[in-house]
């Protein structure tokens with residue numbers, strides 16, 4: 001069954017997994033909810049206990065099962081001790097498109113045939129972090145709103161409006177008649193995306209991971225722009241490109257060899273046995289160490305390039321370890337929507353490194 005082509009969503013269910021996706025599904029009530037499965041002794045975890053309390057409040061049946069049973073239900077998935085049987089997540093209809101806050105211009109992100117659910121999820125997470133009004137996807141050749149995409153979005157997919165359209169070129173043309181300005185992001189476009197301004201409603205278009213923006217869609221863009229960087233490297237991963245552009249449009253100043261687009265084949269990568277010791281040694285040589293953490297009070301845009309710099313990023317779930325954090329001279333964060341605790345670690349790196357790349361040395 002294709003969930004994107006008018007299937008009877010109310011009659012079908014799927015297994016949603018992970019703390020943030022399940023919590024988002026329970027809080028925002030966009031899905032039909034059937035049964036919650038928690039690992040035994042779930043109350044030992046504060047976040048799982050929060051999920052149980054919320055489920056009981058809405059009278060959702062709860063079953064305690066073993067971790068091995070959860071692994072059978074969601075093989076090869078990081079379930080974090082919780083699985084939810086629920087209906088498919090519906091798309092948002094265009095008439096339900098959310099309005100911007102008073103005094104702000106609406107911002108839409110349009111994805112032209114993004115097929116990888118991990119990329120879709122990472123983009124959705126970024127859009128939630130930077131308070132994008134809605135994401136628009138194509139009905140064909142696009143990832144569905146799957147549990148994989150929801151997990152990659154850290155649960156943002158459960159509440160951020162996602163609109164599916166059959167004809168993207170027509171949709172863009174219709175929005176232009178309503179006052180929207182359409183900018184397409186392409187790796188080799190001569191103009192720079194930092195020339196964006198938020199003085200009018202804006203649509204940002206990003207293309208397929210391999211093919212880019214299609215010709216008819218490109219034809220409906222008012223402007224094609226690129227992200228400046230190393231000329232030996234043609235472009236960023238699409239989810240990283242989104243986070244860099246959203247960082248700018250939100251009002252701030254301007255992985256394996258295949259995932260790295262073979263940059264791994266030439267960029268030096270150093271492995272160390274003791275990271276804390278390595279940082280301490282580099283500090284004696286004049287380096288300054290900045291750690292990027294979601295809850296840090298200071299903003300990363302206060303970086304300067306007046307000395308040698310090391311940027312530290314932590315594990316996707318646990319963050320920077322205590323002993324490593326102890327060797328950071330400064331802890332900084334990327335400001336964004338408080339409902340989204342942080343960016344995906346690769347996207348956080350993209351924002352911080354782009355900012356550093358543009359600073360004078």
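Every number here is computed from the coordinates shown, using simple stated rules; none is lab data. As the structure is a prediction and not an experimental result, all values here were calculated from the model. For neighbour counting, all protein chains shown are included, and Cβ atoms are generated from backbone atoms with ideal geometry for every residue, glycine included.
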| request: Can you pull the one-decimal nm distance between simple spin-label points at residue 298 and residue 278, each 7 Å off the Cα toward Cβ? | output: 2.3
| note | Sorted on mean Cβ neighbours within 10 Å (highest first), peptides 115-127, 31-43 come out as 115-127, 31-43
| remark: Quick note on 12, 218, ordering by fewest other C-beta atoms within 10 Å, gives 12, 218
| note | Of 318-328, 54-64, ordering from highest average Cβ density within 10 Å down gives 318-328, 54-64
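Order of 104-112, 15-23 by packing, highest average Cβ count within 10 Å first?
Numbers: 104-112: 21.9, 15-23: 23.6.
By packing density, highest mean first, the sequence is 15-23, 104-112.
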| request: Report the full-extension gain for the segment residue 62 to residue 141: residue separation times 0.36 nm, less the Cα-Cα distance, to one decimal in nm. | output: 24.8 nm
